[in-house]
Amino acid sequence: MAPDHAGAVLGAYLAGELPAERRDMVEHHLLTCVRCRAEVDAARRGRAAVEQAGEPAPDRLRRRVFAAIAAARARPPDTRDG
Ligand SMILES: [Zn+2]
């Protein structure tokens, strides 16, 4: 356990969900901690990659997605996670 690291709140920080006071603490920590900064950088790169992939899917992928949806609809509804 490393309570000084921001790892547990980095997700909320990246989502912009932290209160200003906590956000300041995280940002201050990021100035001094290579490890947490690397985590934030990696998460931001991953998100940017997902956003850039927002172009139309190739037909082959689209057909697989529609086939999976059709297969899921053919099964009785699973109410476990709504
Ligand atoms: Zn850290």
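A short reminder: the numbers here are calculations on the coordinates, not readings from a lab. None of these values were measured; they are calculated from a predicted model. Note: ideal-geometry Cβ built from the backbone for every residue, glycine included; neighbour counts use all protein chains shown.
When restricted to residues that are without any contact (Cβ under 8 Å) to a residue 12 or more places away in the chain, more than 13 Å from the ligand (Cβ to nearest atom) and within 14 Å of Gly7 (Cβ to Cβ), segment 33-49 contains 1. Scanning segment 10-32 for residues that are buried (at least 17 other Cβ atoms within 10 Å of the Cβ) and either touching a residue at least 12 places away in the same chain (Cβ under 8 Å) or near the ligand (Cβ under 9 Å from one of its atoms) (or both) turns up Leu10, Tyr13, Val26, His29, Leu30.
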